[in-house]
Amino acid sequence: MQSLKRYWKTYVLGFILILTIFIMAETGFQVKAFAQERYADLQNFSKVLNLIQQYYVEETDTKKLIYGAIKGMLRELDPHTNFMPPDIFKDFESETSGEFGGLGIEISIQNGVLTIISPIEDAPAWEAGIKAGDKVVGIDGTSTKGMSLVEASQLMRGKKGSKIVLRVVREGEDKTRDITITRGSVKIKSVKYTDMGDGFAYIKITSFIENTAKDLEKALETHAKNNKGKIAGVLIDMRRNPGGLLDQAIKVSDMFLKEGTIVSTIGRNKAEKEVAVASHKGKYTDVPLVLLVNEYTASASEIVSGALQDNKRALVTGQRTFGKGSVQSVIKLGDGSGLKLTVARYYTPSGISIQAEGIHPDIEIEDVDPDAFAKSVLKSQTTREGDIAGHLKNDKEKAAEKLDVKKGAEEGALAWWKDLGSKIDEKLSPRDKLLKSDYQAYQAFSYLKAWNTMKGLTR
């Protein structure tokens with residue numbers, strides 16, 4: 001019996017060994033075939049390069065040819081995968097620090113056309129009148145047809161004080177327009193704060209750079225200090241925010257979350273899923289929060305929107321976001337050049353890919369021209385009991401008289417907008433100036449003020 005067991009044990013071990021050798025041989029054959037195919041392709045490249053160097057009608061720069069070949073290879077991939085020569089990569093590294101030279105715009109390739117995702121507020125392009133959504137068809141007389149993002153960026157860069165002319169096509173216009181921009185030093189202020197009164201704060205996040213989370217925390221601390229420790233609610237405006245650093249988006253989200261997933265990234269290997277979760281250290285987890293986004297809200301700002309929306313932490317208002325949900329890894333190469341390579345996709349806490357889908361707002365608010373809207377608002381001509389002279393006053397009116405309130409505080413949108421034309425900007429507070437000129441911000445702020453009421457209705 002013992003010898004029979006030893007026999008079967010030896011037989012099984014032998015079978016496993018043979019199977020392992022067979023698998024290794026098969027795998028080795030596949031690897032060898034792959035290597036041979038790759039080697040043959042590289043041989044073709046070397047032959048072409050050698051023929052150009054020997055016989056092309058003019059002398060060539062080998063490095064320029066190789067860089068061109070790399071760029072051509074990357075054109076077969078997505079528009080966010082790019083090769084950056086040393087000079088461009090050096091500029092790219094400086095951009096995330098918050099200060100750099102240039103125009104101050106975020107660009108992308110949409111349907112083969114160079115498109116402005118967002119001009120950075122107060123930067124040269126912004127001041128010259130460039131708008132999000134503008135299609136750039138020419139740079140200083142050179143057509144942008146077939147250009148990569150890196151090539152376009154290279155043409156746009158130049159010495160501070162020098163001028164550049166962008167030929168753009170704007171939505172709703174039949175003709176192109178030439179916009180002259182004077183290059184300057186672009187210093188990004190990623191967080192802008194306005195005290196809205198009664199404990200409410202408006203904070204605009206223009207991009208996610210190295211100090212965004214710290215600056216946001218400083219703004220909230222300042223607001224709390226100015227309002228005796230009270231934060232009644234926060235409206236975070238991320239319209240036209242092109243994104244930026246992933247770690248900053250995670251830190252900003254974490255400030256408002258008690259728990260839960262913030263974002264997941266999944267690369268080629270679906271089993272290797274990286275998940276960022278709340279640290280349980282958030283200081284503002286109970287503050288009423290409304291986000292305002294639009295079609296030019298992209299990348300890192302979409303991560304924040306998705307995290308706070310899926311965790312039922314914030315009300316997202318505005319318009320569907322851009323849908324840039326891919327992850328780029330930046331690799332510095334030996335000669336100082338760099339490769340920006342798409343390596344994964346972002347997923348919201350509910351498992352939805354942001355890529356090409358974007359974040360859908362809980363409440364849609366269309367962008368409306370304030371002047372046109374003001375002119376369309378008609379004051380109601382209906383006479384009510386309260387309009388009749390000598391009417392019997394209610395308790396609210398009596399209380400208002402005691403507080404020396406001379407006229408009712410009309411909070412509705414129509415009450416604000418109906419007399420828009422009579423207000424002079426110079427005499428308005430920063431809060432009123434913002435609300436007068438920005439219909440979406442006004443509506444989003446109205447939802448923030450109604451937070452407790454809406455919360456009560458959903459119980």
- Task: Residue by residue through segment 150-172, note down the ones that are among the aliphatic types (A, V, I, L, M), closer than 15 Å to I107 by Cα and open to solvent by 20 Å² or more (accessible area, probe 1.4 Å).
- Result: L155, V169
- Message: I'd like to verify a number: residues in segment 278-304 that are open to solvent by 20 Å² or more (accessible area, probe 1.4 Å) and under 20 Å from the mean Cα position of the chain (by Cα), how many?
- Response: 2
- Any hit, segment 209-230, residues being β-branched (V, I, T), crowded, with 20+ Cβ neighbours inside 10 Å and touching a Pro at 6+ places or on another chain (Cβ under 9 Å): no
- Task: Look through segment 352-373, keep the residues that are open to solvent by less than 60 Å² (accessible area, probe 1.4 Å) and assigned to a helix (DSSP H, G or I), and return whichever of them is modelled with the lowest pLDDT.
- Result: F373
- Note on the structure: Selection from segment 154-173 of residues of a type in the set (S, T, N, Q) and modelled with pLDDT under 85 yields Q154
- Item | Any hit, segment 292-300, residues being assigned to a helix (DSSP H, G or I), in contact with a Pro (Cβ under 9 Å, 6 or more places away or on another chain) and closer than 28 Å to Q110 by Cβ | yes
- Could you list all residues from segment 69-89 that are of a type outside the set (A, V, I, L, M) and open to solvent by less than 40 Å² (accessible area, probe 1.4 Å)? G72, H80, T81, N82, F83, P85, F89
- Query: Of everything in segment 130-144 that's within 23 Å of Y296 (Cβ to Cβ) and either touching a Cys at 6+ places or on another chain (Cβ under 9 Å) or part of a loop (DSSP other than H, G, I, E, B) (or both), which residue is most open to solvent (accessible area, probe 1.4 Å)?
  - Reply: K131
- Query: Do we have any residue at all in segment 177-197 that's of a type in the set (D, E, K, R) and open to solvent by less than 10 Å² (accessible area, probe 1.4 Å)?
  - Reply: no
- Message: Between a residue in segment 322-336 that is under 25 Å from Y67 (Cβ atoms) and open to solvent by less than 60 Å² (accessible area, probe 1.4 Å) and any residue that is of a type outside the set (F, W, Y) and assigned to a loop (DSSP other than H, G, I, E, B), which pairs come within a Cβ distance under 8 Å, given they are 6 or more apart or on different chains?
- Response: S326/D78; S326/H80; S326/Q355; V327/G267; Q328/H80; Q328/T81
- Item | Residue satisfying all of: in segment 339-351; more than 17 Å from the chain's Cα centre (by Cα) and surrounded by fewer than 17 Cβ atoms within 10 Å (Cβ to Cβ); nearest to E76 (Cα to Cα) among these | V343
- Task: Answer yes or no: is there a residue in segment 102-116 that is touching an Asp or Glu at 6+ places or on another chain (Cβ under 8 Å), in a strand (DSSP E or B) and either β-branched (V, I, T) or free of Cβ contacts under 8 Å to residues at least 24 places away in the same chain (or both).
- Result: yes
- Query: Going by the structure shown, is N311 open to solvent by 10 Å² or more (accessible area, probe 1.4 Å), over 15 Å from the mean Cα position of the chain (by Cα), modelled with pLDDT under 95 and not aliphatic (A, V, I, L, M)?
  - Reply: no
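The values are calculated or read from the model by the stated rules, or taken from the named source; none is laboratory data. These numbers come from a predicted model, not from an experiment. Virtual Cβ from ideal backbone geometry, glycine too; neighbours counted across all protein chains shown. In case anyone asks, the SASA skips ligands and DNA or RNA and just uses the protein heavy atoms, side chains included. Shrake-Rupley method; radii C 1.70, N 1.55, O 1.52, S 1.80 Å.
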